[in-house]
């Protein structure tokens, strides 16, 4: 009989625990709904207020970073046991990356149809092929970041790292200094940094991911990549309509530069400042460049009166060598390029790119461009 009462007592305790969990779940759900409702009703967010350089200098000793650039490589800070003690050591890593899009067969890219399970299966396959870094173009759904954190939690001896892209449209005016465009892009920067640090509520917006982002993956982020391929005609308008030739930010400096290069320096600086003030952490930062705006000369690219071309793909330059990190930004900056074996035309027209062979003995214009 005593055993019978004991079983009943245990069942009642289990029922009580279950009810308590259901109540907590309901409360969390209500809080989440309130957060989303507040995000929908609050309207415009408060403007980001910049700290002065003096304030940032005082803050500097408190700022953490777990990744940094080092010459031709990146370094990451890892916790290890040495002589029975836990210590943090910097390790140089050779990056082997995978570009990650969001499209699945039968779906448009902006449908974001991938699930937590889909992303996790991809991460497992990426890790199995010995790649160690993923690059995204824009903010992805919450399932991506949750699966990314889950994968790394279970593969701490062989983690995946992330280059997080910050999406940029082309300004309607084709002038990147347009106040409305700057405001829009800086908002995208803040959203992206918030997502990485697990502190974002993104309302549904056509063509963009949305949701409640509470997973902090900043430990595994190697850097932010600003923008995408900058269209030459917009770069041209920006350079023509502005006179800026230098920028001395708190974290990034650009000298003897074009207005477009100055604008990029300002946006890089804004990214670092926002993350520094908001989360007391920093990550390396760069902007996307591509062959069309590289600093090299290509004599096969010029506009001929007899021949209609899209535009001169050697007329404009974005030169990363003009960008420098200040003493308040230790993680560092790095160059980032989109490189294609088929575009622009000079990649297969220039003689200097036609005589290189790869390890298979085949001609490889793409390899030749990378080497030069």
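Observations on the model:
- Restricting 344, 331 to residues that are under 23 Å from residue 226 (Cα atoms), in contact with a helix residue (DSSP H, G or I) (Cβ under 8 Å, 6 or more places away or on another chain) and assigned to a loop (DSSP other than H, G, I, E, B) narrows the list to 344.
- Only residues that are touching a strand residue (DSSP E or B) at 6+ places or on another chain (Cβ under 9 Å), buried (at least 21 other Cβ atoms within 10 Å of the Cβ) and touching a residue at least 60 places away in the same chain (Cβ under 8 Å) were counted in the range 228-263, giving 6.
- Contacts under 7 angstrom Cβ, first residue in the range 329-357 being at positive phi and touching a residue at least 12 places away in the same chain (Cβ under 8 Å), partner surrounded by 15 or more Cβ atoms within 10 Å (Cβ to Cβ) and outside any loop (DSSP other than H, G, I, E, B), 6 or more apart: 332/68; 332/69; 332/325
- Filtered residues of the range 114-132 (kept if at pLDDT 95 or above and buried (at least 20 other Cβ atoms within 10 Å of the Cβ)): 119, 123
- Residue in the range 94-113 that is surrounded by 14 or more Cβ atoms within 10 Å (Cβ to Cβ), in contact (Cβ under 8 Å) with a residue 60 or more places away in the chain, in a loop (DSSP other than H, G, I, E, B) and under 20 Å from the mean Cα position of the chain (by Cα) present: yes
- The single condition among (1) at pLDDT below 95; (2) more than 20 Å from residue 241 (Cα to Cα) that residue 152 does not satisfy is (1).
- Qualifying residue in the range 128-136 (condition: in contact with a strand residue (DSSP E or B) (Cβ under 8 Å, 6 or more places away or on another chain) and in contact (Cβ under 8 Å) with a residue 60 or more places away in the chain): yes
- Conditions (1) over 17 Å from residue 93 (Cβ atoms); (2) touching a residue at least 40 places away in the same chain (Cβ under 8 Å); (3) under 19 Å from the mean Cα position of the chain (by Cα); (4) surrounded by fewer than 20 Cβ atoms within 10 Å (Cβ to Cβ): number failed by residue 169: (2)
- Number of positions in the range 178-207 that are farther than 22 Å from residue 275 by Cα and either touching a residue at least 60 places away in the same chain (Cβ under 8 Å) or in contact with a strand residue (DSSP E or B) (Cβ under 8 Å, 6 or more places away or on another chain) (or both): 2
The values are calculated or read from the model by the stated rules, or taken from the named source; none is laboratory data. Because the structure is a prediction, the values reported are computed rather than measured. All Cβ positions, even for glycine, are placed from backbone atoms using ideal geometry, and neighbour counts span all protein chains on display.
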